[in-house]
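Everything below concerns the one structure shown next.
The values are calculated or read from the model by the stated rules, or taken from the named source; none is laboratory data. Model, not experiment: these values are computed from the prediction. We place every Cβ from the backbone using ideal geometry, glycine too, and count neighbours over all the protein chains shown.
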Amino acid sequence: MDILRFATAGSVDDGKSTLIGRLLFDTKTVFEDQLDAVERVSRDRGEDYTNLALLTDGLRAEREQGITIDVAYRYFATPKRKFIIADTPGHIQYTRNMVTGASTADLALVLVDARKGLVEQSRRHAFLASLLQVPHLVLCVNKMDLVDYSQETFDAIAHEFTQFAAKLRIPDLTIIPVSALKGDNVVSRSDNMPWYDGSSLLHHLENVHVASDRNLVDVRFPVQYVIRPMSDDWHDYRGYAGQVAGGVLKKGDEVLVLPSGFTSRIASVETADGEVDEAYPPMSVTVRLEDEIDISRGDMICRPHNQPTPTQDVDAMICWMDESAQLQTGRKYVIKHTTRTARCIVKDLQYRLDINSLHRDEEAGTLALNEIGRVRLRSTVPLMADAYSRNRTTGGFILIDEATNRTVGAGMIADSGR
Amino acid sequence: MTDTPNYQLSQLRVLEAESIHIMREVVAEFERPVLLFSGGKDSIVMLRIAQKAFHPARIPFAVMHVDTGHNFEEVLAFRDKRAKELGVQLIVASVQEAIDNGSVSEPPDGTRNRIQTPVLLDAIDKHRFNAIFGGARRDEDKARAKERIFSYRDEFGQWDPKNQRPELWNLYNGRVHVGDSMRVFPLSNWTELDIWQYISEEGIEIPSIYYAHDRETFVRDNMVYAVHDVCRPKAGEEVSVRRVRYRTVGDASLTAAVESDADTVEKVIEEVSTTRITERGATRGDDKFSEASMEDRKREGYF
């Protein structure tokens, strides 16, 4: 059995909580005591029906205000697959939350209300999914029951969305007409829409092929921790521990260590359960080399003829995440990229992107909360940078404010020459 | 079928790899980490993962238990045995001692869940721990579903759900000021069923009370409690021997058992995969006080 991680997005009242409630409900993931609690609270609050949103809104303030404040993670399983949902609120602070949820997602699920069609937020969500390079996108056209299950309505929305998506990098797009409230096409195919010949949402989630989304070509092994047991049994042991970020590592492979440039061969790839023949993403392993070289946390093991570019100058798209301070050119931040932490300075804000119109404002001097822009950074030490489009792990980084220690920005390294 | 089509890992190995990564990040970035170890199934799994993360070196941090003085004897015996086997230092922060020396007072209802928090915070201060691993999972409670893997706590140990650091990719921001700390939850993405499947796959030993056994019990608020020094039947509560097991182990005055014949790990997995009641709903009296009791306790510094 494997895992599919997906992020949900949608604007207010388009039925996202109901859809998630329906998925959890129909896969028997909602437990009796949770349901009892939700029914009791709904009744105490004088609501006419059991409010399924209460299943997902867990914080006191969320229940009081009837809104979702922050990303929540939920889990369900079918006999075919396990699922991790990053449930991101459509309400406030949407960009930051969706970027957070989408950063680890294999698939993004965007909801629209069939009566309203595409709204600004639908385009924004699709854009964010493409910026974060989520490999699969599903557009759920919800509330089909309220438009008499009309094929014309669905087709018009599907056509408009496909046109818009063509301008973005969305490798795999699926559009499904659903009614989350009535359960049409959520878990099983609906008799109300005989004109639709695709899969139900759950069937799609169970079968979408994600194994090939990882980069198994470019070997990338960021050294996380050096294991040197101070014990008699393992006197000379020196192992480089980390999680494989790309490619396949094998015993005997010739490797190159950045930034030093030393080369050696892999003596063994080990786990606590013994040696393994091969290591690939996302395995956490320990690599031993044939030669004694000085390697420490933050270094990167790769192949001699396939290296990331060690560079102190990085061009990247930044999503700003902090409400109390804005990104400013000339300011210094801490940058965490793979296992390497350094300081950096914002040399230049090349443009701020209007994520509704995709217009580039080249006059902008700052990025505020939820704003996205392209920057040039200079770091104190070289970063082993890959384009985010090639590897989400070695192409992504965070910025931290040195004074407050807050995570203030999410960065995606741009393709070189673009 | 071949063994590794498309270099695919099973879901348990994906979760394990993520948890190992998290533990290594903490040890690489924090000077004084500690792992909370109660002898319960989640913390036992955490210790196994810690073993794997640093193999063949020993686990590079101590383990700590906040002992309410109301624990099940089998679990305490197991706790001591496992710590010894692994050669890790076991620190016990005792709630009873804190009551005896007057730093906390026993609540009138005799339950000690809430007064664990100040004892935990004192122990963190005393040992200057700045990263504390906890075995909490997001599937346990709706407040936990909102929590980060690296959960920042201020100098009072408080959690502020409205002011959490965004967490992207596998990049964790471990920077804290002196006095602040980080609670770290390597098992965040695991479910109860994952834990049991892992225990089975790895052949991990766990305390006997997780498996069906006969015990003197009584029923209170529709839950089955074992007769214990700190949990006595009131007038009208009838004692009888039942075949039970525990889904969670905590304070004996609050933790209920479930009636069960599952006396092997396979039978437990079967039971957990078909149950219609959550782990905490079935067994924890403390979570029923209010709709947001977990959130409220976490805000005060609870795990």
Mind checking which residues of the range B:186-205 are modelled with pLDDT of 95 or more and within 18 Å of B:Asp263 (Cα to Cα)? B:Ile195, B:Trp196, B:Gln197, B:Tyr198, B:Ile199, B:Ser200, B:Glu201, B:Glu202, B:Gly203, B:Ile204, B:Glu205
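Would you point out the residue of the range A:150-183, among those that are of a type in the set (Gly, Ala, Ser) and modelled with pLDDT of 95 or more, that is surrounded by the most Cβ atoms within 10 Å (Cβ to Cβ)? Can you show your working first?
Residues of the range A:150-183 that are of a type in the set (Gly, Ala, Ser), as a first pass: A:150, A:156, A:158, A:165-166, A:179-180, A:183.
Of the ones still in play, those that are also modelled with pLDDT of 95 or more are A:150, A:156, A:158.
On the way: A:Ser150: 15, A:Ala156: 15, A:Ala158: 17.
Ranking the candidates gives A:Ala158 first.
Pick out, from the range B:14-122, the strands (runs of 3 or more DSSP E) lying fully within it that include 1 or more residues that are hydroxyl-bearing (Ser, Thr, Tyr). So that I can check it myself, show each step before the final result.
Values: elements: B:33-36, B:62-67, B:90-94.
Result: B:90-94.
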Tell me which residues, restricted to the range A:219-258, are away from chain B (no Cβ under 14 Å), surrounded by 15 or more Cβ atoms within 10 Å (Cβ to Cβ) and either in a loop (DSSP other than H, G, I, E, B) or in contact with a Gly (Cβ under 6 Å, 6 or more places away or on another chain) (or both). A:Lys251, A:Asp253
What do you reckon, is B:Met23 over 27 Å from A:Gly298 (Cα atoms) and buried (at least 23 other Cβ atoms within 10 Å of the Cβ)? no
Looking at the range A:72-87, can you tell me whether even one residue there is touching a helix residue (DSSP H, G or I) at 6+ places or on another chain (Cβ under 7 Å), without any contact (Cβ under 8 Å) to a residue 60 or more places away in the chain, closer than 19 Å to B:Leu168 by Cβ and not basic (Lys, Arg)? yes
Under 9 Å between Cβ atoms, which residue pairs at least 6 apart in sequence (or on different chains) link something in the range A:135-159 that is in the same structural domain as A:Leu202 (by TED's automatic domain parsing) with a partner that is among the basic types (Lys, Arg)? A:Asn142/A:Lys16; A:Lys143/A:Arg115; A:Lys143/A:Lys116; A:Met144/A:Lys182; A:Asp145/A:Lys182; A:Leu146/A:Arg115; A:Val147/A:Arg115; A:Thr153/A:Arg115
Enumeration of residues in the range B:12-59 that are more than 18 Å from A:Pro282 (Cα to Cα), of a type in the set (Ser, Thr, Tyr) and within 12 Å of chain A (Cβ to nearest Cβ): none
Any residue at all in the range B:198-208 that is facing chain A (nearest Cβ under 9 Å) and under 15 Å from the mean Cα position of the chain (by Cα)? no
Taking the range B:176-185 only, how many residues are assigned to a loop (DSSP other than H, G, I, E, B) and at pLDDT 95 or above? 1
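Considering each residue of the range B:122-178, count those that are more than 12 Å from every other protein chain (Cβ to nearest Cβ) and more than 20 Å from the chain's Cα centre (by Cα), and give that number.
The first filter runs over the range B:122-178 and keeps only residues more than 12 Å from every other protein chain (Cβ to nearest Cβ), leaving B:122-136, B:151, B:153, B:155-158.
Filter once more, keeping what is more than 20 Å from the chain's Cα centre (by Cα): B:125-128, B:155-156.
Counting residues in the range B:122-178 that are more than 12 Å from every other protein chain (Cβ to nearest Cβ) and more than 20 Å from the chain's Cα centre (by Cα) gives 6.
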Can you tell me which residue within the range A:270-295, out of those that are under 17 Å from A:Pro229 (Cβ atoms) and of a type in the set (Gly, Ala, Ser), is farthest from the other protein chains (Cβ to nearest Cβ)? A:Gly274
Cβ pairs under 6 Å, 6+ apart or interchain, first in the range A:33-47 and facing chain B (nearest Cβ under 9 Å), second assigned to a helix (DSSP H, G or I), ordered by first then second residue, are A:Asp33/B:Gly281; A:Val41/A:Leu54
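Yes/no per residue for (1) under 30 Å from B:Arg215 (Cα atoms); (2) aromatic (Phe, Trp, Tyr); (3) more than 15 Å from the chain's Cα centre (by Cα):
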site	(1), (2), (3)
B:Arg48	yes, no, no
B:Gln51	no, no, yes
B:Pro56	no, no, yes
B:Ile59	no, no, yes
B:Asp67	yes, no, no
B:Glu74	yes, no, yes
B:Arg79	yes, no, no
B:Ile91	no, no, yes
B:Val95	yes, no, yes
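Every residue, every condition in (1) modelled with pLDDT of 95 or more; (2) more than 27 Å from the chain's Cα centre (by Cα), yes or no:
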position: A:Val210; (1), (2): no, no
position: A:Leu216; (1), (2): no, no
position: A:Val219; (1), (2): yes, no
position: A:Val257; (1), (2): yes, yes
position: A:Ser264; (1), (2): yes, yes
position: A:Thr286; (1), (2): yes, no
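Listed here are the residues, each with its yes/no results for (1) touching a residue at least 60 places away in the same chain (Cβ under 8 Å); (2) closer than 28 Å to A:Pro89 by Cβ; (3) under 21 Å from the mean Cα position of the chain (by Cα); (4) not assigned by TED's automatic domain parsing to the domain that holds A:Ile318.
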site	(1), (2), (3), (4)
A:Cys344	no, no, no, no
A:Gln350	no, no, no, no
A:Leu353	no, yes, yes, no
A:His359	no, yes, no, no
A:Ala364	no, yes, no, no
A:Ala368	no, yes, no, no
A:Arg374	no, yes, yes, no
A:Arg378	yes, no, no, no
A:Pro382	yes, no, no, no
Go through (1) at pLDDT below 85; (2) among the small types (Gly, Ala, Ser); (3) surrounded by fewer than 18 Cβ atoms within 10 Å (Cβ to Cβ) for B:Ala143 and report which single condition fails. (3)
Out of the residues in the range B:211-225 meeting the condition of being in contact with a Ser or Thr (Cβ under 9 Å, 6 or more places away or on another chain) and not in a strand (DSSP E or B), tell me which one is nearest to B:Gln11 (Cα to Cα). B:Tyr211
Qualifying position, being closer than 18 Å to A:Ile227 by Cα, at pLDDT below 95 and within 14 Å of chain A (Cβ to nearest Cβ), among B:Leu9, B:Leu86: B:Leu86
Within the range B:79-94, identify whether any single residue is more than 25 Å from B:Thr117 (Cα to Cα) and in contact (Cβ under 8 Å) with a residue 40 or more places away in the chain, and answer yes or no. no
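Is it the case, given these coordinates, that B:Phe78 is touching a Gly at 6+ places or on another chain (Cβ under 6 Å), over 30 Å from A:Asp2 (Cα atoms), away from every other protein chain (no Cβ under 14 Å) and buried (at least 17 other Cβ atoms within 10 Å of the Cβ)? Before the answer, list the steps.
Working: touching a Gly at 6+ places or on another chain (Cβ under 6 Å): yes; over 30 Å from A:Asp2 (Cα atoms): yes; away from every other protein chain (no Cβ under 14 Å): yes; buried (at least 17 other Cβ atoms within 10 Å of the Cβ): yes.
When the stated conditions are applied, B:Phe78 passes them.
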Answer yes or no as to whether B:Asp221 is over 20 Å from A:Asp33 (Cβ atoms), of a type in the set (Asp, Glu) and surrounded by fewer than 19 Cβ atoms within 10 Å (Cβ to Cβ). no
